[in-house]
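So the structure is just underneath, and the comments pick up after that.
Read-outs throughout are calculated quantities, based only on the coordinates presented, and are distinct from any laboratory measurement. Worth saying up front: this structure is predicted, and the values here are computed from it rather than measured. Methodologically, a virtual Cβ is constructed for each residue, glycine included, from the backbone with ideal geometry; neighbour enumeration extends over all protein chains shown.
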């Protein structure tokens, strides 16, 4: 795992996130602005192919901020929080971005009406907040991003790339 905590180094790394060589990266003491920059860098890389991205962290840790910046970098002007409706789909031209939020869900049975198998096996990009509530879905993620709140409104962010595809 590569660990980064120098902000100038972080900003240069954000410009060149490369999934082909990175397996796990930890970014320390990021501002929310830097979390947004990281989201944009990951979106640029993942937009080239399908990706299931799981977002993990406590309330207020940066998951939705990350998701909004990710979507904006793909050209989506406004990402609506899917907390109450669970899933939103956005047209990206040749594919879709699915933004899902499992916060209000308690059982895997609640996922059945969403068509999770079709969504996860598609050629689309899928962002799932609170993916850790369902280990079977978490295992299907290509990228897991963990958020931890630090003092002074900073975040530690861990990005793990799966080898399962």
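Full extension of the chain segment joining residue 78 with residue 91 gains 3.5 nm, where the gain is 0.36 nm per residue of separation less the Cα-Cα distance.
Please list 50-57, 138-145, 115-122 highest first by mean number of surrounding beta-carbon atoms within 10 Å per residue. Provide the component values of the computation, followed by the final result.
On the way: 50-57: 23.0, 138-145: 19.9, 115-122: 14.0.
Ranked by mean Cβ neighbours within 10 Å, highest first: 50-57, 138-145, 115-122.
Label positions at residue 114 and residue 59, each projected 7 Å from the Cα along the C-beta direction, are separated by 2.0 nm.
The modelled label-to-label distance between residue 31 and residue 136, using points 7 Å beyond Cα along the C-beta direction, is 4.4 nm. With neighbour counts taken as other beta-carbon atoms within 10 Å, the residues 149, 157 rank, fewest first, as 149, 157.
Cα-based Rg of the stretch 21-102 per 2.2 N^0.38 Å, rounded to two decimals? Walk me through the intermediate numbers first.
Details: Rg = 12.7 Å, N = 82, 2.2 N^0.38 = 11.7 Å.
Normalised by 2.2 N^0.38 Å, the Cα Rg of the stretch 21-102 equals 1.08.
For residue 162 and residue 104, compute 0.36 nm times the residue count separating them, minus their Cα-Cα distance, and round to one decimal in nm. It would help to have the intermediate numbers written out before the result.
Values: separation 58, 0.36 × 58 = 20.88 nm, distance 2.62 nm.
Gain on stretching residue 162 to residue 104: 18.3 nm.
Ordered by the number of other Cβ atoms lying within 10 Å of each residue's own Cβ, fewest first, 136, 31, 158, 125 fall into the sequence 136, 31, 158, 125.
Cβ crowding within 10 Å, taken as a proxy for footprinting-reagent exposure, orders 30, 105, 59 from fewest neighbours to most as 59, 105, 30.
The distance linking the stretch 98-165 with the stretch 48-65 is 6 Å (Cα centroid to Cα centroid, whole angstrom). Site pair residue 121 and residue 149 shows an inter-label distance of 3.9 nm when each label is modelled 7 Å from Cα along Cα→Cβ.
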